[in-house]
Amino acid sequence: MRDLPMATFSLDREGPARDRPGRLSELLGDPDTRVLELSGDRARTKGEALALRAPRPGDLEQLTLHLGSHDGTEYVAVCRPCPEEEGTEASREEQLEEAPFASLRRAASGLSELDVALFTTALGLANWHHRHPRCPRCGNPTEVAAAGWVRRCPHDGSEHYPRTDPAVIMAVTDAQDRLLLARNVNWPEGRFSVLAGFVEPGETFAGAVAREVAEETGVQVADVEFVADQPWPFPASLMIGCAARATTSEITPQPEEIAEARWFTREEFLSDVAAGRVLTAGRMSIAARLIERWLGRRLDRLG
Ligand SMILES: [Zn+2]
């Protein structure tokens, strides 16, 4: 789990400096500051790297977010609405002239750990801004503050902070060390993964694991253990990877959510993947890594 994408690298977020008046102007006035351009949910890339640039006049007119620093370099994201919203002609022209934009899902496997951390933080924070333009108390439009880490209501003075929604994702094994995999009703035939679900108010991670597994498959679990976690900014999740031991084996899929669910031995899983009967999640996700941890080998080296 040590090379789990989006979970390996920590920026210095410089939290205490965020409230300094004029912090963003100060950062964008320094030609050494590196700017990540975000357009909708995509960032400008060049080959296998983010195409970071120097600050430009007009950056502050966009949604501007201080991501943090690393090795003495400061990083800022400048976020524009989706290309669809700004007229397709300009963006087509722009794409010819400059580096192309890529989504995090598409780009992550080739980017450096620093680039992935910058992209993940920028995307998670920008998603929150785009989805929370108004005050939840009074409904008035809020203003960006604290270098992009707070939205403040000018009407009642309330402050609102970026949200991260915890979700559990779990590898459930039985007494024979078989793994429980399921197919969501919205997934194509053959696609299987471990179960996952959001943590509800008043619930612990372990409680959410037990509830989700029981709700979706009828299987009871015990001994829930934390394995690893991963920011998942699509749009605002933190995936909490867990392992759990099943205490019952009969499966009753919840029809609204689960098209099919079954126990796999390693031999069954490997032969089903080899025969194309089972398709697994991309290696970027913690789901794939939980399956690999049980399997004892990498999924991209199967076959
Ligand atoms: Zn308000």
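A few comments on the model shown:
- Selection over segment 216-256 of residues that are closer than 30 Å to residue 130 by Cα and part of a strand (DSSP E or B) gives a count of 10.
- Exactly one residue among 100, 31 is farther than 25 Å from residue 161 by Cβ, modelled with pLDDT of 95 or more and open to solvent by 60 Å² or more (accessible area, probe 1.4 Å), and that residue is 31.
- Taking every residue in segment 131-149 that is within 22 Å of residue 22 (Cα to Cα) and within 9 Å of the ligand (Cβ to nearest atom) and pairing it with any residue that is among the hydroxyl-bearing types (Ser, Thr, Tyr) and at pLDDT 95 or above, at least 6 positions away or on another chain, the pairs with Cβ-Cβ distances below 9 Å are 142/158.
- Any hit, segment 241-255, residues being open to solvent by 40 Å² or more (accessible area, probe 1.4 Å), among the charged types (D, E, K, R), closer than 30 Å to residue 10 by Cα and in contact with a Ser or Thr (Cβ under 9 Å, 6 or more places away or on another chain): no
- Filter result for residue 280 (closer than 19 Å to residue 183 by Cα, of a type in the set (Ser, Thr, Tyr) and within 26 Å of the chain's Cα centre (by Cα)): yes
- Candidates 163, 191, 183 - the one that is in contact with a Lys or Arg (Cβ under 8 Å, 6 or more places away or on another chain), open to solvent by 50 Å² or more (accessible area, probe 1.4 Å) and in contact (Cβ under 8 Å) with a residue 60 or more places away in the chain: 191
- Subset of segment 128-146 (residues that are surrounded by 13 or more Cβ atoms within 10 Å (Cβ to Cβ) and not polar (S, T, N, Q)): 128, 129, 130, 132, 134, 135, 137, 144, 145, 146
- Yes/no for residue 21 being farther than 25 Å from residue 159 by Cβ and either in the same structural domain as residue 145 (by TED's automatic domain parsing) or buried (at least 20 other Cβ atoms within 10 Å of the Cβ) (or both): no
- Considered as a group, the residues in segment 166-180 that are more than 17 Å from residue 238 (Cα to Cα) and out of contact with any helix residue (DSSP H, G or I) (no Cβ under 6 Å at 6 or more places or on another chain) include one that is most open to solvent (accessible area, probe 1.4 Å), and that residue is 176.
- Counting only residues that are part of a helix (DSSP H, G or I) and closer than 25 Å to residue 106 by Cα, segment 275-303 holds 11 of them.
- For segment 150-169, the set of residues classified as under 30 Å from residue 49 (Cα atoms) and more than 16 Å from the ligand (Cβ to nearest atom) consists of 162, 163, 164, 165, 166, 167, 169, listed by residue number.
- Residue that is under 19 Å from residue 60 (Cα atoms), crowded, with 16+ Cβ neighbours inside 10 Å, touching a helix residue (DSSP H, G or I) at 6+ places or on another chain (Cβ under 7 Å) and at pLDDT 95 or above, where the choices are 125, 118: 125
- Elements of type strands (runs of 3 or more DSSP E) in segment 105-186, at least 1 residues being among the acidic types (Asp, Glu): 143-145, 165-173
The values are calculated or read from the model by the stated rules, or taken from the named source; none is laboratory data. On a predicted model such as this, the values are computed, not experimentally measured, just so you know. Counting neighbours? That spans all protein chains shown, and the Cβs are built from the backbone with ideal geometry, glycine included. Keep in mind that these areas ignore ligands, DNA and RNA; they rest on the heavy atoms of the full protein, side chains included. Shrake-Rupley method; radii C 1.70, N 1.55, O 1.52, S 1.80 Å.
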